[in-house]
Amino acid sequence: MAIATVNPSTGETVKVFEALTDEAIDSKLTLAQQAFEQHRHTSFAQRTEWLHRAAQLLVDEKERFGKIMTLEMGKPIAAAIAEVEKSAWVCRYYADQAESILADVPIETDASRSFVRYQPLGVILAVMPWNFPFWQVFRFAAPALMAGNVGVLKHASNVPQSALAIEEIFRRAGFPEGVFQTLLIRADQVPQIVADERVKAATLTGSEAAGASLGSAAGKQIKKTVLELGGSDPFIVMASADLETAVKTAVTARMINNGQSCIAAKRFIVHDAIADEFAERLVHQYAALKLGDPLDPQTDIGPLATSTILNELHQQVQACIASGAKLLTGGDPDTVPTRSIPSLQHGTFYPPTILTDLPSDSPARQEEFFGPVALLFRVPDLDSAIQLANSTPFGLGASAWTQIETERERLINEIEAGSVFINGMVKSDPRLPFGGIKRSGYGRELGAEGIREFVNIKTVWIK
């Protein structure tokens, strides 16, 4: 895949970049290692000052950065600007909290004094996806740099301008040269970087295949990794739920980022007693969503990021219908209104789609649908809801709706996921650890747990 900005709304190739040569990669890793030897000794006060400046740059130029994201991967402009603001939030959180989170932890033992000290590891490689081009990077970089590490970024090939803009932000904020660098490289160049002795650990957000590849390469070098992979998050609605709020939230939870989010609600598991009404309301609200130019503030859903994603999603939908699933709305990209707009007729738009009555042996029950497609299931009771929720290989997040205390406790305890949100949609928050289990990955980002992933947890014993 070329490293290029291709506007998914129009299909136009905006700008093409050359991948770094092996010699250029080596030079950048040398610079990163040299930067680490200095950065590890800077004070928390100095890092805090730099990171607060980065946050302010994000806020001051949020419209500019938002437009870069929308141009490269198609998210609605309002969502892009909100993503920039959230990136500023994570910078401020770690700027203010890192020192206390990483303070020495005293422990009573047979020593005169013993404690745990957290120290940086060195150069950390981040392999990041296109769907949240700024947020995914900043939620890694803010804690990593505050801990005293330095970062090198291999961003997705379709968001190179976002990647370069992020490097620019850290440089303008005052971080010394080499503390954060963007590497415009191909995927097949990643293993050589993982194998380089100057790189001490790696983190990846992306597909199962990408995670398995990076995890395998790092495992051969005995290097720490954090992986945040796919999800097929359940959205469980029991009979006691506030149905109006649940349906409204269901639309937002599925359509966030044009449906291209690992933690988007994808499987709607609804109690029989309210399933008909839930489906009727969901179809009605889907019909009101506006597809169109993502730079138009009135647009609800923009294009999918690439034509490959569009084709794969449509194949999944068609396979479901062929297996016996019922199509409630959408399902045909040739019917989207953007087809009649000359400037958008080549855009990768997919209509909001709802499928139900999926056969129990349908492969779709085990797959992640990365786009505006909802899978609707009916269940007779809580046992069936939990069993269905846990029936996929994924375990990222889950949303559940009930007013009954005993149901709430069972859902919290029995759903196999890295997070469970009761009466709310799954979302990431700098204050809370984020990550999954099963094939959704391992390790955590954000919160205190996130900043401690890439440090040496050193035991100190003094007599």
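All of the numbers you see were taken from the coordinates with simple rules; none came from a lab. Remember, it's a predicted structure, so these values are computed and weren't measured experimentally. Cβ coordinates were reconstructed from backbone atoms using ideal geometry, including for glycine residues, and neighbour counts include every protein chain displayed.
Of note:
- Residues 89, 461, 130, 401, arranged from fewest to most other Cβ atoms within 10 angstrom of their Cβ, appear as 461, 89, 130, 401.
- For the chain, the longest principal axis of the alpha carbon atoms and the long axis of helix 22-39 meet at an angle near 70°.
- Cα centroid separation - the range 392-425 against the range 285-349, whole Å: 30 Å
- Placing +1 on the Cβ of every Lys and Arg and -1 on the Cβ of every Asp and Glu, with nothing else charged, gives the range 233-429 a dipole about its Cα centre of roughly 400 debye.
- Taking Lys and Arg as +1 and Asp and Glu as -1, the other residues whose beta-carbon sits under 10 Å from that of residue 378 total -3.
- Here the translational diffusion coefficient of the range 223-354 follows from Stokes-Einstein with Rh set to the Kirkwood radius across Cα pairs; for 20 °C and 1.002 mPa s it amounts to 132 µm²/s.
- Separation of the range 177-201 from the range 218-253 is 30 Å, based on Cα centroids.
- Calculated FRET efficiency, residue 427 to residue 248, Cβ-Cβ distance, R0 = 22 Å: about 0.90 to the nearest 0.05.
- Restricting the range 60-111 to GluC sites (Glu not before Pro) in coil, as DSSP defines it, with at most 13 other Cβ within 10 Å: 108
- Under 11 Å from a label point set 7 Å out along the Cα-to-Cβ vector of residue 114, the amide N atoms of the range 443-463 belong to 459-463.
- Given charges at Cβ of Lys, Arg, Asp, Glu: the chain dipole, positive-most of 317, 436, 204: 204
- Per residue, the convex hull spanned by the Cα atoms of the range 348-463 amounts to 181 cubic angstrom.
- Were the residues from residue 221 through residue 289 laid out at 0.36 nm apart, the gain over their Cα-Cα distance would be 19.6 nm.
- Relative to the longest principal axis of the Cα atoms of the chain, helix 208-220 runs at roughly 20 degrees.
- Value of relative contact order over the chain, rounded to a whole percent, pairs C-alpha under 8 Å and six or more apart: 19 percent
- Helix 307-322 and the longest principal axis of the Cα set of the chain meet at an angle near 40°.
- Point-to-point label distance, residue 319-residue 104, nm (Cα→Cβ direction, 7 Å offset): 5.7 nm
- Exposure proxy shown here: for 109, 182, the number of other Cβ atoms within 10 Å sets the order, fewest to most, as 109, 182.
- For residue 116, the shell of other residues with beta-carbons less than 11 Å away shows a net charge of +2, using +1 for Lys and Arg and -1 for Asp and Glu.
- Between the entries (1) 62; (2) 53; (3) 71, the label attached to percent of Cα pairs over 28 Å apart calculated for this structure is (2).
- Only one residue of 305, 382, 183 has its Cα farthest out toward the positive end of the dipole of the chain, where Lys and Arg carry +1 and Asp and Glu -1 on Cβ, and that residue is 183.
- Here 357, 233 are placed in order of increasing Cβ neighbour count within 10 Å, fewest first, which gives 357, 233.
- Helix content alone sets the calculated 222 nm mean residue ellipticity of the chain: runs of n ≥ 4 DSSP H residues at -39500 (n - 2.57) each, divided across all residues, give -12500 deg cm²/dmol.
- Zone residues, the range 202-243, relative to residue 366, backbone N less than 20 Å from point 7 Å out along Cα-to-Cβ: 207-213, 229-234
- Cut-off 12 Å between beta-carbons: net charge of the residues surrounding residue 421, Lys and Arg +1, Asp and Glu -1: 0
- With 24 Å as the limit on Cα-Cα distance, the pairs of 62/248; 154/200; 248/438; 248/427; 220/266 that go past it are 62/248; 248/438; 220/266.
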